[in-house]
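Participant: My structure is below; once you've seen it, I'll send some questions.
Readers should treat all values here as calculations from the given coordinates under stated rules, not as data from a laboratory. Treat the numbers as computed from the prediction; the structure is a model and nothing was measured. Cβ placement follows ideal geometry from the backbone for every residue including glycine, while neighbour counts extend to all protein chains displayed.
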Amino acid sequence: MDKTLNANTALITDDTVVLGLLAVALGAVFWTSSRPDGFWKKFYTYIPALLLCYFIPALFNSTGLIDGNKSGLYPMARDYLLPTALVLLTLSIDFEGIRRMGWRAIFMFFAGTVGVMFGAVLAFGLFEIISPATVAGDTWRGMTTVAGSWIGGGANQAAMKEVFEVDADLFGQFVAVDVIVANVWMAVILFLAGRAEAFDRWTGADTRAIDDMKRRIQDFEAQHARIPTLSDLMVILAVGLTATGLSHAIGKPLAAWIGEVAPELSKYSLTSGFFWVVVIATTIGLLLSFSRARLLEGAGASKIGSAALYVLVATIGMHMDIGALFDRPRLFALGFCWIAVHALIMLALAKLIRAPLFFMAVGSQANIGGAASAPVVASAFHPTLAPVGVLMAVVGYAAGTYCAYLTGLMLQAMAG
């Protein structure tokens with residue numbers, strides 16, 4: 001579609017109305033995806049809800065109903081909601097709980113992170129040989145957003161989009177790669193979950209630690225879960241938005257100072273104000289996890305963070321041109337090569353350290369799928385284990401900012 005024509009003929013130009021339209025779309029997606037049976041249950045078996053949160057706004061933009069490039073909603077969500085989401089999604093990290101899960105669980109999670117980072121480099125290098133056109137130009141920038149998603153989640157993905165200045169159309173292409181490839185891999189993991197006993201016999205794993213984990217989780221939930229009060233919700237918002245304000249107050253002047261004293265560091269994004277905003281917000285969330293603020297998770301801190309994140313997702317989607325998704329189909333081959341490296345690393349290390357399939361599956365999905373799907377995989381082993389998926393995915397939110405950034409630097413170096 002001619003973007004100039006779209007800009008001149010958009011039916012809805014008032015951002016207040018556009019925000020309402022996005023809210024209706026998000027509400028419809030979440031309401032229908034929560035249906036326990038019937039048509040919608042079958043529909044979302046094949047079509048991920050996250051994909052629709054991106055692509056319904058993209059459809060609005062591509063048909064001329066709205067003009068994402070003229071809207072101020074994305075800058076608002078990027079500056080206010082993204083740092084808030086990062087803080088609220090990381091403040092609930094329970095490092096003691098993670099430690100008590102045993103070293104194999106932690107090892108498999110970070111093996112998954114390394115698999116994503118190494119897979120990006122290996123896939124990029126392989127396609128430079130067999131299909132240089134696939135990874136030409138700014139492809140490496142788009143890959144950084146997938147690295148952010150596959151190590152952390154949507155917030156980290158959006159952060160990499162800003163840090164590495166990824167074009168909206170290129171970002172849209174890699175969103176499709178991200179969602180489709182990740183969901184194929186999730187289907188493989190769920191298939192293996194039904195054969196966990198055979199897998200654990202193959203690796204020689206001891207699964208007694210998992211039984212202990214089930215009991216600890218049930219005790220923790222009984223102690224801390226509560227119905228949030230208005231005071232709880234206001235405190236959660238205060239923590240998230242105050243941390244966001246502090247991140248901007250420190251990050252932007254810091255970036256300007258670095259730009260003056262060491263402008264050559266711009267190639268590492270260290271002169272980007274938004275880079276520092278993201279890093280500082282993530283760090284504040286981690287520091288808060290060592291305080292009583294972590295108990296805000298019992299009142300739903302991560303749910304509010306996720307709500308902010310999905311509004312951000314919708315505002316990103318409204319910049320996409322759907323037609324651009326089909327311009328470079330070989331990017332999907334790049335994505336499947338990338339995930340294959342991750343999978344092989346996970347399988348080999350699970351065999352080497354005799355890790356239960358549960359640790360491999362949840363460790364992988366906590367990276368690739370994040371908090372949205374890691375608990376789904378965990379609950380496939382036992383319903384009480386779903387929070388373990390969330391716990392490990394939250395670690396991914398913290399690691400995603402830093403590790404995806406390092407992955408981006410490696411890809412940038414390879415691209416020249």
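Participant: Picking from 356, 253, 83, which is most flexible by a Gaussian network model of the chain using Cα springs under 10 Å?
Facilitator: Highest fluctuation among the options: 253.
Participant: Only helices at least 30 Å long along their own axis, judged from Cα atoms, and with Kyte-Doolittle mean hydropathy of 0.0 or greater: name those in the chain from DSSP H.
Facilitator: In the chain, the long hydrophobic H runs are 103-130, 168-193, 230-261, 330-353, 386-415.
Participant: At 37 °C and a viscosity of 0.692 mPa s, what translational diffusion coefficient does Stokes-Einstein give for the chain, taking Rh as the Kirkwood radius over Cα pairs? Give it in µm²/s as a whole number.
Facilitator: The estimated diffusion coefficient comes to 150 µm²/s.
Participant: If you don't mind, there's one more thing I want to ask. For the chain, set up a GNM with springs between Cα atoms under 10 Å and report which of 119, 300, 204 has the largest fluctuation.
Facilitator: 204
Participant: What residue among 145, 13, 315 shows peak mean-square fluctuation when the chain is described by a Gaussian network model with Cα springs under 10 Å?
Facilitator: 13
Participant: Okay, next question. Let me know the Kirkwood hydrodynamic radius for the range 52-198, please, with Cα pairs as the basis and the value in Å to one decimal.
Facilitator: Evaluated on the range 52-198, it is 17.8 Å.
Participant: Would you order 161, 351 from fewest to most other beta-carbon atoms within 10 Å of each residue's own beta-carbon?
Facilitator: Ordered from fewest to most neighbouring Cβ atoms within 10 Å, 161, 351 come out as 351, 161.
Participant: Taking 0.36 nm per residue of sequence separation and subtracting the Cα-Cα distance, how much length would be gained by fully extending the chain between residue 34 and residue 354, in nm to one decimal?
Facilitator: Stretched fully, the residue 34-residue 354 segment lengthens by 111.5 nm.
Participant: So for the chain, averaging the separation of alpha carbon pairs under 8 Å that are six or more residues apart and normalising by length, what relative contact order in percent results?
Facilitator: Across the chain, relative contact order equals 35 percent.
Participant: While we're on this one: Before rounding to the nearest 500, sum -39500 (n - 2.57) across all DSSP H runs of length at least 4 in the chain and divide by the residue total; then give [θ] at 222 nm in deg cm²/dmol.
Facilitator: -24000 deg cm²/dmol
Participant: Can you tell me the length gained on complete extension of the stretch residue 257 to residue 11, counting 0.36 nm per residue apart and subtracting the Cα distance?
Facilitator: 84.3 nm
Participant: What FRET efficiency do you get for residue 250 and residue 110 if R0 is 30 Å and r is their Cβ-Cβ distance, rounded to the nearest 0.05?
Facilitator: With R0 = 30 Å, the Cβ-Cβ based efficiency is 0.55.
Participant: Right, here's the next one. Would you calculate the convex hull of the Cα atoms in the range 284-371 and tell me its volume per residue in Å³?
Facilitator: Cα-based convex hull of the range 284-371, divided per residue, equals 153 Å³.
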